[in-house]
Amino acid sequence: MRNTLIKLIPFAITSVLIALMTPNIYRQFSMGKPAPSTVYAPFDFVIEKTPEELRKDSLKIVSRVYPVVIYREEQVIIPDTLPFMYRALLEKIRDYMTEGIISDKDYEELMNDPAPRVKLFIPGTGKPFDMNKGDMIKFSSAFEDLFESFSTAYPDSSEKIRIFILNHLRPTLRYDRFTTLKNREEALKSLSRIKERVYRGELIVRKGQTVDEDAYKKIREIARHYRTPFHYLFFLILFLLWGSVMMMGRATSTWSSIFLSNLSLLINSGAQSFLISYMGIGYLFTLTPLFVMLIHLLASRGLVQNFVIMMGIILGVYYGVTFEPVAYTILLGITALIFMDIISRRYDIVWGLLLFPISGILYHIVIQKMRSPQIELSMMDGVYLLVSAMISVVGVALFMPLVEKVIRLTTKFNLYDYASLHHPLLKELKEKAPGTYSHSLNVAFLAEEAARAIGADALLCRVGSYYHDVGKIYNPKYFVENQQGYNPHDELSPVESARIIMEHVPKGVELARKYGLPNRIVDIIRTHHGTTLLKPFYKKAIEMGLNVDESQFRYPGPKPRTNEEGIVMLADSVEAAVRSLPEKDPAVIRNLVHKILEERWDEGQLEDTDLKKKDLHTIEEAFLKALSSIYHTRIPYD
C-alpha cells in the first residue's frame with residue numbers, strides 16, 4: 001500500500017503541471033477582428049449588464065413610475081368688509097390655489113425627474129390621475145403674475161399688495177417623496193442584472209467571422225472561468241484515478257512506465273499549449289500520433305491506450321471543455337496504434353504521411369457534422385494536418401534506429417532483422433551446435449504457436465527462441481542434442497557437469513550483447529531456465545553420496561517476467577523432453593507436456609508473469625498441435 005501511494009506522487013505532480021500549462025485559448029480573440037477559431041459555449045452562463053446599461057434600464061423603470069403629488073385644499077375666506085382691491089386679490093389667489101400651486105423647491109425637483117408626468121392625488125376623489133408636469137404652477141410664477149397684475153392697477157399700493165400676497169398665497173400641491181421612492185423601489189425589484197442567457201453548445205462566433213461586441217463579451221465571460229480552483233481539482237482527480245488504474249497492471253505499474261507515460265503527457269501537453277496560446281492553432285495540429293508510436297515502441301499496448309484516452313481528455317479541457325478535441329485525439333490516437341500494429345517493415349512508416357492527414361480530415365468532418373451542418377476546413381487546416389503527420393513520421397523514423405542501437409530497444413522492426421536465419425550468430429550456432437540449432441527452430445515453432453493462442457507477441461517468442469541457447473556454442477558436446485554416442489559428462493563430477501550446463505545462460509547473454517541483440521531477446525536468454533533444478537545431475541550427486549548444496553544445481557535465474565519469456569521457457573522444456581523420448585507415442589507426449597507445464601507452475605517459475613492457469617491450458621493445446629506437426633504423429637486432443 002505504501003509503495004502504491006509513493007508511485008502516485010508523480011501523477012499528482014504531473015496533474016498540477018498540466019493544469020498550470022492550460023492555455024488561454026481566448027487570448028487570440030479581439031473585437032473587430034476575424035475569429036481564429038469557432039467558439040461554442042462550453043457551459044451555460046449569463047451576460048450581466050454593465051453599470052451604464054443598468055443605469056439606463058433603471059432610468060427607464062423610474063421614468064415609468066410617476067412622482068406622487070398630493071393636492072391639499074386650502075379654504076380662502078373673503079370678508080365683505082375688505083376693500084375692493086383686497087377682495088379682488090383674494091379671489092384671484094383662491095383661483096390659483098384651487099387650480100394647484102406647488103413650491104418652487106418641489107417644482108424644480110419634479111422638473112428634473114426623468115418621468116414626463118406626475119400622478120396627482122386629490123383626497124376624497126378616490127382614483128388618482130396623471131398630470132403633465134408643465135401644467136403645474138410654481139409658487140413664484142403665481143406670485144409674480146398676481147403682483148404684476150395688481151401693482152400695475154394700483155401702483156401706489158405695490159408694497160401692500162406684495163405683503164398681502166405673501167401672507168395669503170400658499171402651495172396646495174405637495175411632492176410626496178416617500179411614497180414616490182417606495183413605489184420606485186418596488187418597481188426596481190423587477191430590474192434584471194442579466195442582459196442575455198447563453199446555453200451550452202450555442203454558437204458564439206464562427207472561424208473567420210468578425211468578432212463583434214456581443215460575441216466579444218461572451219468570449220470574455222467564458223474566459224473568466226479559465227483555470228479556476230476546480231480546474232486544478234479536476235486534473236488531480238483525473239491523474240490519481242489514472243495512476244490507480246496503472247497500478248493494477250503489472251506492465252504499467254513499473255517506475256519506467258510511470259515515468260514514460262507522465263513525461264509523454266507533459267511534453268505533448270506543453271507543445272499543444274504553446275501552439276494554442278502563442279500561435280492560435282487548433283486541435284487539427286497534433287503530435288499525438290508521434291507519442292503513440294514512440295510509446296508503442298518503448299512500452300506495452302495498455303500504456304499506449306491509457307495515453308490516448310488521457311491526452312484526449314487533456315486537450316478537451318485545453319480547448320475550452322469541448323467535445324471535438326477529445327473525440328478527434330482519441331480517434332487519431334487509436335488510428336496510430338492500429339497503424340503500428342499493422343506495419344511490419346521500417347519503411348512502412350512513410351504510409352503515415354497519407355494515413356494521418358486523410359484520417360484527420362475524415363474524423364474532423366464527421367465530428368463537425370455531429371454539431372453543425374456546416375463544415376469548417378480551410379487550406380491552413382490541411383497544412384496543419386500534413387505538417388503534424390510529417391513531424392510524427394519523421395520523428396519516429398529518426399528516433400527508432402537511434403534507440404534500437406543506444407538502449408538496445410526491441411521493436412518489431414529489428415525483430416524482423418534478427419529473425420533471418422542467415423544472421424551471423426545463428427549461422428555460427430548451426431555450424432558449431434547443429435543439434436541445438438535444430439532444437440531452437442522447434443522451440444521457436446512451439447513458442448510462436450502458443451503466443452498466438454493467448455495473444456502474446458508471437459514474433460518476439462519466435463526470434464527469442466532462435467537465440468535462447470546460443471551460449472551452447474562454447475561447449476556444444478556437453479549438451480545431449482549435439483552428442484553422437486560419446487557423453488563427456490561421464491568423465492565429470494555432477495557438480496562440474498552442472499556448472500558447464502548452467503554456464504550456457506551467461507555465455508548466451510554475453511554473445512547476445514556482443515552481437516547487439518535487443519534487450520528483450522537478451523532477457524529471454526537470461527530467463528529461459530528461470531531458477532529450475534538440474535534434476536539428473538542433482539540426483540546423480542545424491543546417489544553418489546556427495547555432500548552437495550542444491551543451489552549448485554539450480555539456475556540462478558531470474559524467473560521469467562513477461563508472458564513471452566514464460567512461453568519460451570515452457571517451449572524449451574517441452575521440446576527438449578519430447579525430443580529425448582525414444583518413441584513419440586501420442587499419449588506419452590500428452591502426459592509429458594502436461595506434467596512439465598504443471599511442474600513449472602507449481603515451482604513458481606511463472607509467478608512473475610501475467611500468465612494465468614487458463615493460459616497454461618491454452619498453451620498446452622498449442623504445444624500438442626505443434627508437436628504433432630513436427631513429429632508427424634497424430635496426437636489425440638479429445
Other-chain or far-sequence residues with amide H under 5 Å of Ile204's (modelled H):
Val39, Tyr40, Ala41
For a quick check: sort Ile567, Ile122 by the number of other beta carbons within 10 angstrom, fewest at the front.
Ile122, Ile567
Compute the long axis of helix 51-64 from its Cα atoms, compare it with the longest principal axis of the Cα atoms of the chain, and write down the angle in degrees, 0 to 90, nearest 10.
40
Let me know the charge dipole size of segment 160-224 about its Cα centre in debye, to the nearest 20, where only the beta-carbon of Lys, Arg (+1) and Asp, Glu (-1) is charged.
340
Rg/Rh for segment 384-440 to two decimals, with Rh computed the Kirkwood way over all alpha-carbon pairs.
1.26
List the relative contact order of segment 412-630 as a percent without decimals, with contacts defined as Cα pairs under 8 Å and 6+ residues apart.
23
Please state the shape class of segment 211-355: rounded when a/c is under 1.5, otherwise prolate if a/b exceeds b/c and oblate if not, all from the C-alpha gyration tensor.
oblate
When the expected Rg is taken as 2.2 N^0.38 Å, what fraction or multiple of it is the alpha-carbon Rg of segment 544-617?
1.28
Counting alpha carbon pairs within less than 8 Å and at least 6 residues apart, what relative contact order, in whole percent, applies to the chain?
12
Could you bin all the Cα-Cα distances of segment 62-188 into 10 Å bins starting at 0 and give me the percent of pairs in each, rounded to whole numbers?
12, 39, 27, 16, 6, 1
Provide Rg over Rh for the chain; use the alpha carbon set for both Rg and the Kirkwood Rh (inverse mean inverse pair distance).
1.42
Nearest 10 degrees is fine. How inclined is helix 84-99 to the longest principal axis of the chain, computing both from alpha carbons?
20
With +1 on each Lys and Arg Cβ and -1 on each Asp and Glu Cβ, how big is the dipole of the chain about its Cα centre, in debye rounded to the nearest 20?
380
Using +1 on the beta carbon of Lys and Arg, -1 on that of Asp and Glu, and nothing else charged, what's the dipole of segment 65-144 about the Cα centre, debye to 20?
180
Share, in percent, of DSSP beta bridges within the chain that are antiparallel, nearest 5:
70
Rule-of-thumb check for segment 412-630: C-alpha Rg over 2.2 N^0.38 Å?
0.97
Pairwise FRET efficiency - Arg64 versus Met379, Cβ, R0 = 60 Å, nearest 0.05:
0.65
Within 10 Å of each residue's Cβ, count the other Cβ atoms and sort Val568, Val65 from fewest upward.
Val65, Val568
Most exposed first, judged by fewest Cβ atoms within 10 angstrom, Trp601, Trp242, Trp255, Trp351 run Trp255, Trp351, Trp601, Trp242
Which one, Leu89, Val509, Tyr26, is farthest towards the positive end of the dipole of the chain when Lys and Arg carry +1 and Asp and Glu -1 on their Cβ?
Val509
Helix 586-602: inclination vs the chain longest Cα principal axis, degrees, rounded to 10, gives 50
Positive end of the charge dipole of segment 412-630 (Lys, Arg +1 and Asp, Glu -1 on Cβ, about the Cα centre): tell me which of Ser465, Ile589, His422 has its Cα farthest that way.
His422
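Bear in mind that the values in this text are calculations on the coordinates, not laboratory data. Quick caveat, the model's predicted, so the values are computed rather than measured. In this analysis, Cβ positions are derived from the backbone assuming ideal geometry, glycine residues included, and neighbour counts consider all displayed protein chains.
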